[in-house]
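To start, the structure itself, in structure tokens.
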Amino acid sequence: MLIRFEEITRGGGKIFIHLCAEGVPQNSQLVVCASSAAGASLPSSLLAETDIDGYVLVIAVLSVEQKVCVSVRDEAGREVASFLKTIKPLQAKLSSQINTAFKNKTAELIRNCDQRIRSDGITVEVRDVIADSDGTDIVHGTISATSMSRESIEAPIDIQVLDTAGKSAAARPWIALGDSVSQSSEYSGGFVRSIGFSVRIPRTLRTMVVWATSSTEAVPDGFDTVEWFRLREMRENWNFQTLSADRDPYYDEWFRKFHRADERALSVQRVYRFETQPMFSIIVPLYNTPIDFLCDMVESVLAQTYAHFELILVNASPHNRGLAEVVADYTRRDKRIKLLELSENLGITENTNRGIEAAGGDFLCFLDHDDVIEPDLLFCYAKGVNDYPTTDLLYCDEDKLRNGKYCSPFFKPDWNPDLLCSVNYVCHMLAVRKSVADGLPSATKEFDGAQDHNLTFLVAEKARNIYHVRRSLYHWRIHEHSTASSAAAKCYTSDAGVRAIQGHLIRSGIEGVAMAREEAPNTYRIDYRFDRPPLVSIVIPNKDMTTVLDRCVRSILEKSSYDNYEVVIVENNSTEAETFSYYKYMQKQNEHLRVIVEKTDGGFNFSKTINFGFSAAKGEYLLMLNNDVEVISPNWMESLLGPCMRDDVGAVGAKLLFPDGTIQHAGVGIHRDGPGHIGRFLPAESHDYYNLVSLAQDYTAVTGACLMTKRSTFDRAGKLDETLAVDYNDIDYCLRLRKIGLHVVYAPDALLYHYESVSRGEHDSKEKKIRFARENGLMMMRWPEYWALGDPYLSPSIAPGNMYHHLV
């Protein structure tokens, strides 16, 4: 009996060795194991289903010697012989190079032969490497295990991460992101188990081996070696894919080449005459303004292609003679420039008030003394007023200007009142109709630093129409004293912002307290309060899956700080006796919980189940909730209920995380390929793109995995569309809400884990793929404007299909 180690080749981070077996009895079993010199186990597998005689031994490419043992076992499982081989890294590399150079046929056949479909065994695939802010990387991948035995396929599976020396390299234990078993489409009677996994590694790790092992020998091990160049590429791909526009070093070139108006367009604008020619009063408070900044600002105004404006310079630095002389010279040069000289600096709010009092235009525009604007800004505003005559407030996108280069663009959403309560996203260049502003009380010094935020609220509360120009027309200069360099440069602005938001809440009758967020300067949250807490009905569809359901229900009962609620479990075709025993036990134990039974003949229909549950619910507020979620934040219900109680809000959704802390849902945007989850797989506390994943705001839709709506709204908009059985029913409902003028709010303080697709699996079968495509097509026909014209909350300057605000 003899086993010979023959041809050696390498590929994909693995070493493939041809084994020739002589004199081995036919019914014998070969078992292989590998270890380091120190005795630590290393990954290895043995393949028999190949195009050559014998077997193929597969081990990882490591920087250390590996001792391989091939054992021969008889039918009773007793070892009758064993054969040892030490594989040295350099020797394996040289042997592979020689076999490649001489085109060894056997070596060519065995290289990467483990990629073929097998009737039993484990395949590991690393997909993404995600950078987190704590210095670790999150590795996502998939384990596919196959077996002809269901018992074997369901045996526990473990994952290890090794470095190039074969030592453990995982920063934390691995986490399952889904685990499902289905019939094999390749082997009749076989089974396939798919496990999504997440594991953290140090960012300093250059090469890794992800090794999956089953607790039964009936399912052989599998591993994926990610060598340094592949790991580097994965990191670079993730960084590029999630490179938000505000961090893109290419932005300056992109802006100059593709975004700003060219001279031909500007020349046309200079001779164009609008039917209505609104007068714009541009108010600029000055206080010891650097001369070069002043000149740049004034010249950018004088360069406007729309000439019907006045520039009001409010000089609050009377002792700065150099500044006064330059300003006086400008007033002599152009009669549209007016000067107001103050005897002292009254603060930014009062200085601005003086300019407002002197303004004679139809619209008041607010420009900082050290910033500049594009030559077609006023033209775009005038066009907006002509296209929408009831417009009372206008704003545009903006970027920053650092040392002559444009950077950090903010491509804003269309009107978004909930985002305005989270951050002053409107900011520049704010323009308001003077007749509306004249009817408002004058702002006082308490709003210094947030005077524009406060004015935006005041005007927006009365505005008939709000117009957003979806182009970067305002350049916010970065220098050491500007808030553009750091929001912390003027810490008093945060307190003023809180006062501005609180005033808006009081005027709007919203029960809540505005608070500054600690995570990022000048961002805010609302702590909602309820004098009479309404009843919330939480409706959870369920079919068996008692372990999953129990985790969800117990998290609600044990963690929720809100106590006026009921949990309605909609039983949907369960077959396991323990499910019904669980229902009886939980109903006896909890007065909040009851089970109702839905009689259905067909397959799973989420819409029908939710409609049935809502019809039986008692609450004034209805919350659809998947059974595979788990509450994290105790105030999750208050965070959903607060905005949902407003008359202008139709639905509110939560921030959902995968079990590894990456984002599963932070709002839904619609692009040309269909709806997508904003920020998917970003770390939960990501500061990407102005911290938007952590700020409450309006979106086109939110996921039905956790969605609250009013009963009255549900009755008005219509129940979930039961022709959309599984996908898009929540999106369709949200779009119907928007059609009747209601907002859909994303509430990041409502924080839950979502063990996505644990309940029903991914689109992993032909039938599911067809159903998904059919429902996607139905949505395109029903809501073509979103596919054709784009999402109002996603800028056309953002790459279509990218949920990370990547530059187009």
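The values are calculated or read from the model by the stated rules, or taken from the named source; none is laboratory data. For clarity, every value in this text was computed on a predicted model and none was experimentally measured. In this analysis, Cβ positions are derived from the backbone assuming ideal geometry, glycine residues included, and neighbour counts consider all displayed protein chains.
Quick one: Asp698 ticks every box in (1) in contact (Cβ under 8 Å) with a residue 24 or more places away in the chain; (2) among the acidic types (Asp, Glu); (3) within 28 Å of Gly178 (Cβ to Cβ) bar one, so which box is it?
It fails just one condition, (3).
Which one of these does Leu420 not meet: (1) surrounded by fewer than 19 Cβ atoms within 10 Å (Cβ to Cβ); (2) in contact (Cβ under 8 Å) with a residue 24 or more places away in the chain?
(1)
If you take the residues of segment 19-62 that are of a type in the set (S, T, N, Q), in contact with an Asp or Glu (Cβ under 8 Å, 6 or more places away or on another chain) and outside any strand (DSSP E or B), which of them is farthest from Lys85 (Cα to Cα)?
Only one residue tops the list, namely Asn27.
Determine whether segment 121-135 contains at least one residue that is hydroxyl-bearing (Ser, Thr, Tyr) and outside the structural domain of Val64 (by TED's automatic domain parsing).
The initial filter retains those residues of segment 121-135 that are hydroxyl-bearing (Ser, Thr, Tyr), namely 123, 133.
Still in the list and also outside the structural domain of Val64 (by TED's automatic domain parsing): 123, 133.
Checked against the condition, which is being hydroxyl-bearing (Ser, Thr, Tyr) and outside the structural domain of Val64 (by TED's automatic domain parsing), segment 121-135 yields at least one hit.
Could you count how many residues in segment 255-283 are buried (at least 17 other Cβ atoms within 10 Å of the Cβ) and not in a loop (DSSP other than H, G, I, E, B)?
Final tally of qualifying residues: 8.
Out of the residues in segment 63-105 that are in a strand (DSSP E or B) and polar (S, T, N, Q), state the one that is farthest from Val161 (Cα to Cα). Spell out how you get there, then give the answer.
Taking segment 63-105 and keeping what is in a strand (DSSP E or B), we get 66-73, 79-87.
Applying the additional criterion that residues be polar (S, T, N, Q) yields 66, 71, 82, 86.
Numbers: Gln66: 17, Ser71: 26, Ser82: 28, Thr86: 22 Å.
Among those residues, the one meeting the criterion is Ser82.
For (1) within 30 Å of Asn635 (Cβ to Cβ); (2) touching a Phe, Trp or Tyr at 6+ places or on another chain (Cβ under 8 Å); (3) acidic (Asp, Glu); (4) at pLDDT 95 or above, each residue gets a yes or a no:
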| residue | (1), (2), (3), (4) |
| --- | --- |
| Tyr565 | yes, no, no, yes |
| Thr575 | no, no, no, no |
| Ser581 | no, no, no, yes |
| Arg594 | yes, no, no, yes |
| Thr600 | no, no, no, no |
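What is the residue count in segment 81-90 for residues that are surrounded by fewer than 13 Cβ atoms within 10 Å (Cβ to Cβ) and in contact (Cβ under 8 Å) with a residue 40 or more places away in the chain?
Filtering segment 81-90 for residues surrounded by fewer than 13 Cβ atoms within 10 Å (Cβ to Cβ) gives 84, 86, 88, 90.
Now narrow it down to the ones that are in contact (Cβ under 8 Å) with a residue 40 or more places away in the chain: none.
Counting residues in segment 81-90 that are surrounded by fewer than 13 Cβ atoms within 10 Å (Cβ to Cβ) and in contact (Cβ under 8 Å) with a residue 40 or more places away in the chain gives 0.
If Ile632 satisfies all but one of (1) in contact (Cβ under 8 Å) with a residue 60 or more places away in the chain; (2) in contact with a Phe, Trp or Tyr (Cβ under 7 Å, 6 or more places away or on another chain); (3) under 30 Å from Gly718 (Cα atoms), what's the number of the condition it fails?
It is condition (3) that Ile632 fails.
Looking only at segment 338-349, decide whether some residue is acidic (Asp, Glu) and either under 26 Å from Glu275 (Cβ atoms) or crowded, with 19+ Cβ neighbours inside 10 Å (or both).
No.
Enumerate the pairs (first residue in segment 200-217 and within 16 Å of Cys33 (Cβ to Cβ); second residue anywhere and β-branched (Val, Ile, Thr)) with beta-carbon separation below 6 Å, excluding pairs fewer than 6 apart on the same chain, so at least 6 apart or on different chains.
Sorted first by the residue in segment 200-217, then by its partner, the pairs are Val209/Thr225; Ala212/Ile122; Ala212/Val124; Ala212/Ile143; Ala212/Ile157; Ala212/Ile159; Ser214/Ile157.
I'd like to check which helices (runs of 4 or more DSSP H) are fully inside segment 446-561 and have at least 3 residues that are assigned by TED's automatic domain parsing to the domain that holds Gly404. Full working, then the answer.
Details: elements: 451-460, 492-508, 546-559.
Ranges flagged: 451-460.
Would you please name the residue that is farthest from Tyr272 (Cα to Cα), looking only at residues in segment 371-380 that are within 34 Å of the chain's Cα centre (by Cα) and either not in a helix (DSSP H, G or I) or not assigned by TED's automatic domain parsing to the domain that holds Leu302 (or both)?
Across segment 371-380, the extreme among qualifying residues is Asp371.
Report, ordered by the first and then the second residue, all pairs with beta carbons closer than 8 Å, sequence separation of six or more or different chains, a first member in segment 178-193 that is assigned by TED's automatic domain parsing to the domain that holds Ser144 and free of Cβ contacts under 8 Å to residues at least 12 places away in the same chain, and a second member that is among the aromatic types (Phe, Trp, Tyr) and not in a loop (DSSP other than H, G, I, E, B).
Gln183/Phe191
What do you reckon, is Ser41 surrounded by 12 or more Cβ atoms within 10 Å (Cβ to Cβ), at pLDDT 90 or above and not aliphatic (A, V, I, L, M)? Before you say what the answer is, go through the steps one by one.
Details: surrounded by 12 or more Cβ atoms within 10 Å (Cβ to Cβ): yes; at pLDDT 90 or above: yes; not aliphatic (A, V, I, L, M): yes.
So Ser41 passes the test.
Looking at the structure I just gave you, is Lys445 in contact with a strand residue (DSSP E or B) (Cβ under 6 Å, 6 or more places away or on another chain) and surrounded by fewer than 23 Cβ atoms within 10 Å (Cβ to Cβ)?
Values: in contact with a strand residue (DSSP E or B) (Cβ under 6 Å, 6 or more places away or on another chain): no; surrounded by fewer than 23 Cβ atoms within 10 Å (Cβ to Cβ): yes.
Spelling it out, it is not the case that Lys445 is in contact with a strand residue (DSSP E or B) (Cβ under 6 Å, 6 or more places away or on another chain) and surrounded by fewer than 23 Cβ atoms within 10 Å (Cβ to Cβ).
What residue, among those in segment 576-587 that are in contact with a helix residue (DSSP H, G or I) (Cβ under 7 Å, 6 or more places away or on another chain) and of a type outside the set (Ser, Thr, Tyr), is surrounded by the fewest Cβ atoms within 10 Å (Cβ to Cβ)?
So in segment 576-587, the residues in contact with a helix residue (DSSP H, G or I) (Cβ under 7 Å, 6 or more places away or on another chain) come out as 578-579, 582, 586.
This time we only want the ones that are of a type outside the set (Ser, Thr, Tyr), so: 578, 586.
Details: Glu578: 11, Met586: 21.
For segment 576-587, the residue satisfying everything is Glu578.
Do any strands (runs of 3 or more DSSP E) lying entirely in segment 132-231 carry at least 1 residues that are among the basic types (Lys, Arg), crowded, with 20+ Cβ neighbours inside 10 Å and touching a Lys or Arg at 6+ places or on another chain (Cβ under 7 Å), and which ones are they? Walk me through it before giving the result.
Values: elements: 136-147, 157-162, 175-183, 191-202, 208-214, 222-226.
Once the strands (runs of 3 or more DSSP E) in segment 132-231 are filtered for at least 1 residues that are among the basic types (Lys, Arg), crowded, with 20+ Cβ neighbours inside 10 Å and touching a Lys or Arg at 6+ places or on another chain (Cβ under 7 Å), what remains is 191-202.
Return a yes/no flag: does segment 265-286 have any residue that is touching a helix residue (DSSP H, G or I) at 6+ places or on another chain (Cβ under 8 Å) and under 30 Å from Thr164 (Cβ atoms).
Here is the first cut: in segment 265-286, the ones touching a helix residue (DSSP H, G or I) at 6+ places or on another chain (Cβ under 8 Å) are 269, 272, 274-278, 280-286.
From what is left, the residues that are under 30 Å from Thr164 (Cβ atoms) are none.
Within segment 265-286, not a single residue is touching a helix residue (DSSP H, G or I) at 6+ places or on another chain (Cβ under 8 Å) and under 30 Å from Thr164 (Cβ atoms).
I'm checking my understanding of the structure. Among residues of segment 376-391 that are buried (at least 22 other Cβ atoms within 10 Å of the Cβ) and not hydroxyl-bearing (Ser, Thr, Tyr), which one is farthest from Phe255 (Cα to Cα)? Talk me through it step by step, then tell me what you get.
Quick first cut of segment 376-391, residues buried (at least 22 other Cβ atoms within 10 Å of the Cβ) only: 376-379, 381-382, 385.
Next, from what is left, pick out any that are not hydroxyl-bearing (Ser, Thr, Tyr): 376-379, 382, 385.
Working: Asp376: 14, Leu377: 15, Leu378: 19, Phe379: 19, Ala382: 22, Val385: 25 Å.
So the residue we want is Val385.
Among Asn635, Asn573, Asn590, which is the only one that is surrounded by fewer than 21 Cβ atoms within 10 Å (Cβ to Cβ), over 27 Å from Val652 (Cα atoms) and not acidic (Asp, Glu)?
The match here is Asn573.
Go through segment 664-709 and report how many residues are within 16 Å of Ser639 (Cβ to Cβ) and not aliphatic (A, V, I, L, M). Lay out the reasoning, then the answer.
The initial filter retains those residues of segment 664-709 that are within 16 Å of Ser639 (Cβ to Cβ), namely 665-667, 684, 693-699, 702-703, 705-709.
This time we only want the ones that are not aliphatic (A, V, I, L, M), so: 665, 667, 694, 697-699, 703, 706, 709.
Qualifying residue count for the region: 9.
Quick grid of which residues meet (1) among the basic types (Lys, Arg); (2) farther than 27 Å from His504 by Cα; (3) not in a loop (DSSP other than H, G, I, E, B):
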position	(1), (2), (3)
Lys335	yes, yes, no
Ile356	no, no, yes
Gly361	no, no, no
His369	no, yes, no
Ala382	no, yes, yes
Leu394	no, no, yes
Lys400	yes, yes, yes
Lys412	yes, no, no
